[in-house]
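Read-outs throughout are calculated quantities, based only on the coordinates presented, and are distinct from any laboratory measurement. Just so it is clear, the model here is predicted, and its values are computed rather than measured. Using ideal geometry, Cβ is built from the backbone for each residue, glycine included, and neighbour counts are taken over all protein chains shown.
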Amino acid sequence: MSARFTDKVVVVIGGNSGIGLAAARAFAGEGAHVVLTGRNPETLRSAGKELGPRALPIQSEISDVRQTDALMEEIKRRHGRIDVLFVNAGIGAFLPIEAVTERDWEQIMGVNLKGVFFTVQKALPMMKSGASIVITSSIGWKMGIPTNSVYAASKAGVRALGRNFAAELVSRGIRVNVISPGCVETPIINRTPGLPPEAIPALREEMIKNTPMHRLGEPDEVARAALFLASDEASFITGIDMLVDGGAASF
């Protein structure tokens with residue numbers, strides 16, 4: 001087994017399920033001390049129990065800057081540094097333009113965009129030369145999909161943040177990259193606002209049809225991309241958006 005992250009401090013924001021949990025599991029398997037966050041206390045406890053003594057689960061809401069401040073203070077107290085920051089938390093929504101409320105807009109942007117910005121900002125004092133940041137966006141920012149406008153706008157903002165963070169932090173020796181998953185089999189499919197439960201099977205079939213590889217991705221497949229970008233194997237890579245989408249946004 002590889003040991004690219006032996007004794008490194010890795011923070012996985014949104015590490016209690018799906019892609020985040022797959023990544024947290026993989027980081028821990030390669031020797032990292034993993035701090036994982038999430039909103040749901042039950043899934044967070046379960047994830048922490050699975051990962052064992054090298055994991056520190058902390059309940060935190062990414063859209064609340066005060067909670068992010070408290071999170072970073074706890075990380076500083078327990079570990080004193082961050083070697084890898086994987087900002088993966090996000091929410092989705094399928095909402096027609098006419099149905100979008102100000103609350104919808106603020107909630108999606110609060111988690112997917114504001115939360116990303118302030119998480120990185122608050123983490124930076126603990127990150128030194130050689131550290132890396134990986135942020136999860138989505139191929140949704142590259143494509144025109146009906147009822148996806150607010151989510152796509154938030155993820156386009158994430159891509160812009162990644163590019164600009166990379167430009168600003170390169171002189172400090174901190175690499176920043178983005179991964180954009182396509183259709184992946186994660187719990188978020190089953191709890192997307194604007195999508196009734198009876199519509200989920202048809203959505204899944206549509207996703208598979210529109211993916212050239214004719215299947216949904218697995219969380220582990222996206223996690224492996226995140227670990228590569230976070231590792232020293234990607235030491236000459238910064239500012240990119242890596243598509244992990246079965247070809248959906250490429251041809």
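Is the shape of the stretch 98-233 rounded, prolate or oblate, going by the alpha carbon gyration tensor and its root eigenvalues a ≥ b ≥ c, with a/c under 1.5 for rounded and a/b larger than b/c for prolate? Let's see the in-between values first.
Values: a/c = 2.49, a/b = 1.51, b/c = 1.65.
Oblate.
May I ask you to order 205-211, 13-19, 101-107 by the average number of other C-beta atoms within 10 Å around their residues, highest value first?
On the way: 205-211: 13.6, 13-19: 26.0, 101-107: 11.9.
Result, highest mean first: 13-19, 205-211, 101-107.
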Practice problem: Could you tell me the distance between the Cα centroids of the stretch 107-150 and the stretch 217-251, to the nearest Å? | Solution: 15
Exercise. Take THR43, THR6 and order them by how many other Cβ atoms sit within 10 Å, fewest up front.
Key: THR6, THR43
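With the contact rule set at Cα under 8 Å and sequence spacing of 6 or more, what percent relative contact order holds for the stretch 9-243?
Numbers: 433 pairs, mean separation 49.9, N = 235.
Relative contact order of the stretch 9-243: 21 percent.
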Quiz item: Over what distance in Å are the Cα centres of the stretch 71-90 and the stretch 10-63 separated?
Solution: 11
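Evaluate the charge dipole of the stretch 65-112 about its Cα centre and quote only its size in Debye, nearest 20, assuming +1 on the Cβ of each Lys and Arg and -1 on the Cβ of each Asp and Glu.
For this selection, approximately 400 debye.
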Quiz prompt | Proximal lysines relative to LYS114, as straight alpha-carbon distance under 19 Å, when same-chain residues fewer than 8 apart are discounted | solution = LYS122, LYS155
Practice problem: Consider just the alpha-carbon atoms of the stretch 9-243 and return their Rg together with their Dmax, both in angstrom. | Solution: 16.9, 50
